[in-house]
Amino acid sequence: LMVFPPAPSYFMLVMTPSPMVMTGVPFGAETALKELILNKELRVEVAEVKGKRHYAAVYAKDTYINAELVRRGLSWYSSLHAPEDAALKAADKEAKAAKQGIWAKPSPEAPWKWRSRNKDKLPQSES
């Protein structure tokens, strides 16, 4: 397995910031991600680099991992980095309609808003 870049780095699944543990309720994104990628051959397409963050689309065979997490309501779709990604848009619409994961709450809070509101409670690397 070759990892790019060789130096330690932070990868974010493009357009899908995962919800933090909000109001003490974990949403299960880490467990689902392990289920989807652990011990599987992955294709990682780096979409853009911002500082130490590398935004990537991740595939395990024919499964678009980013979209699958969004479909399950375990990750939040943000059109900021890929406004034309039809798969993510469709997965987001499906998750909202089915009230999956984060969409089961009456007023879900975007992860970036939650982080901004809770900066003083986060480890330095998260804020």
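The values are calculated or read from the model by the stated rules, or taken from the named source; none is laboratory data. All values derive from a computational prediction rather than experimental measurement. Reconstructed Cβ throughout: ideal geometry from the backbone, glycine too, with neighbour counts over all protein chains shown. These area figures cover heavy atoms from the full protein model, side chains too; ligands, DNA and RNA do not enter into them. Shrake-Rupley method; radii C 1.70, N 1.55, O 1.52, S 1.80 Å.
Peptide packing: for 96-105, 69-78, the average count of neighbouring Cβ atoms within 10 Å per residue gives the ranking 69-78, 96-105, highest mean first.
Ordering 68, 30, 45, 84 by accessible surface, largest first, gives 84, 30, 45, 68; the 1.4 Å probe counts only protein heavy atoms, with every chain in place. The Rg/Rh ratio for region 57-125, using Cα coordinates for both the radius of gyration and the Kirkwood hydrodynamic radius, is 1.02.
List the lysines whose Cα sits under 30 Å from the Cα of residue 61, skipping any in the same chain fewer than 8 residues away. Partners within reach: 34, 40, 50, 52, 89, 93, 96, 99.
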